[in-house]
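Asks: Starting off with a structure, shown below.
Coordinate-derived values only; no laboratory data. Here the structure is a predicted model, which is why all the values come from computation and not from measurement. Methodologically, a virtual Cβ is constructed for each residue, glycine included, from the backbone with ideal geometry; neighbour enumeration extends over all protein chains shown.
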Amino acid sequence: MTPAEQHNPCTNPPYGIQLAGIGAFVPKATLTNADLEGLVDTNDEWITSRTGIKQRHIVSGDETVGELAIAAAKDTLASAGMEGKDLDLIIVGTSTPDTIYPAVACQVQHAIGATNAAGFDLSLACSGFVYGTVVAQQFLMSGMYKTALVMGADIHSRTVDWTDRNTCVLFGDGSGAAIYTAEQGAPNRFFANDLHMDGSFGKELTLYTNFDNCPTVEPRTPRTKPEQLLYMNGREMFKFATRVVPESINTTLKKANMTLDDIDYVVLHQANIRIMESMSERLGIPPEKLITHIAPVGNTSAASIPIAINHAVRTGKIKKGHKLLLCGFGAGAAWGSTILEWTAVDQRPPLSEAAMADTAAAHPVLEPALA
Ligand code: ACO
């Protein structure tokens, strides 16, 4: 490990961090693999075996990423038993804001009455939630802020080319969030972090904007098809992620003086079931320790990790005292890991019997059940 990797600011910081709540929201409309068969030359068997995805939730009409984020923020506040005014900081990981400005964080701040909060958006695609979590930790451990809402929110159904079967089958829309709190002298429940980026992989996964030049100068070179805003070399991203993610997980464990035996659950970015399984095999993670929640929602980019955690909490899998290892990875390329202990006691009313029965079904989705 390099000296920077060896230094662990999570060891006895002035302010210790706890996790206070989790929440999520996905839009109502769904798109199944069968629906996709009507759009592109694909089939349920290919999508299921290559990705593990059965359906995605997608925005419809004028729904916005801000609305998804606001609903997830309200769910997370309910989980923590808090109100908007209790928050000091709002960080929203998103690569698909409806407006570049105002930031989605500003929209959330206004809608939930977080009158005391500062905040910003963080654009690191699928690593946004883990990066946001580590950034929030620095504000909290230093004592600058006491309560932080960290979110992931993305709408890729408006960025993919619906005639490109290589990408349109992968993504779903959604938002998820967590609230972290800090207290002076309290034990820190975050144990170690590891963040990286490698811009040389930028060309393998790119989401273009569509802004044009001033008419008095030479126009920008148009892309072949204007609808192709998102380009992904899936094979290269797969190879890249399965190499760097195990390294990052091992570094984070080493920094925390832990092994996988100390971890109850590993929550990877839910990019694709085969990526998660391949990483687990390399690391020797037993299948029962791997949280997967991709079949009913697809790859929800920055939202995938909190959506998966929320589902595991709602269904009673993740409980107080469990140690979690989170790892986000994706476009940039950017990737990072963090280890934390689950300290939250969920204040939301328990799920209805019908919702719990749904968890036994093949593709349980609890998030839209939000009141
Ligand atoms: N249906 C049927 N056939 C398809 C489809 C489809 N939807 N998509 C591709 N194929 C075909 C290809 O055309 C190719 O056919 P050919 O052999 O005749 O050329 C064949 O299937 C194999 O294609 P591959 O691209 O090699 O398929 P692969 O097994 O690699 O799976 C996938 C593709 C699922 C995209 C995979 O590479 C992947 O998940 N990569 C990683 C994605 C990722 O992690 N991204 C980063 C996170 S997302 C973010 O940051 C925003």
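Asks: Defining a contact as two alpha carbons under 8 Å apart and six or more residues distant in sequence, what relative contact order in percent does the chain show?
Replies: After rounding, I find 26 percent.
Asks: P(r) for the range 45-139, please, calculated from all Cα pair distances in 10 Å bins and given in %.
Replies: 15, 41, 30, 11, 3
Asks: Could you work out the relative contact order of the range 1-157? I mean the mean sequence separation of Cα pairs under 8 Å and 6+ apart, divided by the number of residues, in percent.
Replies: RCO, the range 1-157: 27 percent.
Asks: Would you pull out the residues with amide H under 5 Å of Gln55's amide H, same chain only if 5 or more places away, H placed 1.01 Å from N?
Replies: Counting only residues 5 or more places away or on other chains, the set is Val297, Gly298.
Asks: HN-Hα J couplings of the range 137-146 from phi, Karplus 6.51/-1.76/1.60, θ = phi - 60°, integer Hz, Gly and Pro as x?
Replies: 3J(HN,Hα) across the range 137-146, in whole Hz: 4, 5, 5, 6, 5, 7, x, 5, 10, 9.
Asks: Same structure, new question: Semi-axes of the equivalent ellipsoid for the range 187-304, please: Cα gyration tensor eigenvalues, times 5, square-rooted, ordered largest first, whole Å.
Replies: Working: eigenvalues 265, 57, 35 Å².
Result for the range 187-304: semi-axes of 36, 17, 13 Å.
Asks: If you line up the Cα atoms of the range 224-283 on their principal axes, what length do they span on each, largest first, in Å?
Replies: Taking max minus min along each principal axis of the Cα atoms, the range 224-283 gives 51, 20, 15 Å.
Asks: Going down the list Lys54/Lys225; Lys254/Lys320; Lys85/Lys203, which pairs span over 30 Å between their C-alpha atoms?
Replies: Details: Lys54/Lys225 28 Å; Lys254/Lys320 23 Å; Lys85/Lys203 41 Å.
Flagged as over cut-off: Lys85/Lys203.
Asks: Compute and list, largest first, the equivalent-ellipsoid semi-axes of the range 1-60 from the alpha carbon gyration tensor, each √(5λ) rounded to a whole angstrom.
Replies: 43, 20, 9
Asks: Sort Thr11, Thr216, Thr76, Thr251 so the one with the fewest other Cβ atoms within 10 Å of its own Cβ comes first.
Replies: With the fewest neighbours first, Thr11, Thr216, Thr76, Thr251 line up as Thr216, Thr11, Thr251, Thr76.
Asks: Turning to a different aspect of this structure: Taking the Cβ of each residue in His110, His293 as the centre, tally the other Cβ atoms inside 10 Å and list the residues starting with the fewest.
Replies: Details: His110 14, His293 24.
Ordered by Cβ neighbours within 10 Å, fewest first: His110, His293.
Asks: While we're looking at this one, here's another question. So what does the Cα-only Debye profile of the chain read at q = 0.06, 0.07, 0.14 Å⁻¹, as log10 I(q)/I(0), no solvent term?
Replies: Results for the chain at q = 0.06, 0.07, 0.14 Å⁻¹ read -0.20, -0.28, -1.18.
Asks: Ok, one more. Going by average Cβ neighbours within 10 Å, how do the peptides 95-102, 263-270 rank, with the highest at the top?
Replies: Ranking the peptides 95-102, 263-270 by packing returns 263-270, 95-102.
Asks: With each pseudo-label sitting 7 Å past Cα toward Cβ, what's the Thr48-Phe238 distance in nm, one decimal?
Replies: Simple spin-label model gives 1.9 nm for this pair.
Asks: Apply 1/(1 + (r/R0)^6) to the Cβ-Cβ distance of Tyr231 and Ala118, taking R0 = 41 Å, and write down the FRET efficiency to the nearest 0.05.
Replies: Values: r = 34 Å, r/R0 = 0.84.
Efficiency, from the Cβ-Cβ distance: 0.75.
Asks: With 10 angstrom as the radius, rank Trp162, Trp335 by how many other C-beta atoms surround their C-beta, starting from the fewest.
Replies: Details: Trp162 13, Trp335 26.
Least crowded to most crowded, the residues run Trp162, Trp335.
Asks: Relative to the compact globular guide of 2.2 N^0.38 Å, what is the alpha carbon radius of gyration of the range 152-239, as a ratio?
Replies: The reported ratio for this selection is 1.61.
Asks: Between the range 31-77 and the range 145-196, how many Å separate their Cα centres?
Replies: 17
Asks: Work out from phi, with θ = phi - 60° and the Karplus expression 6.51 cos²θ - 1.76 cosθ + 1.60, the ³J(HN,Hα) of each residue of the range 113-123, listed in order in whole Hz, and give x for Gly and Pro.
Replies: Here the 3J(HN,Hα) series is x, 7, 5, 9, 9, 8, x, 6, 8, 10, 9 Hz.
Asks: Is it possible to state the helix-based mean residue ellipticity at 222 nm for the chain, with each DSSP H run of 4+ residues giving -39500 (n - 2.57), the sum divided by total residues, to the nearest 500 deg cm²/dmol? What is it?
Replies: Roughly -9000 deg cm²/dmol at 222 nm, from the helical runs in the chain.
Asks: Sticking with this one: Based on Cα positions only, what radius of gyration and what Dmax would you give for the range 195-257, in angstroms?
Replies: 18.0, 60
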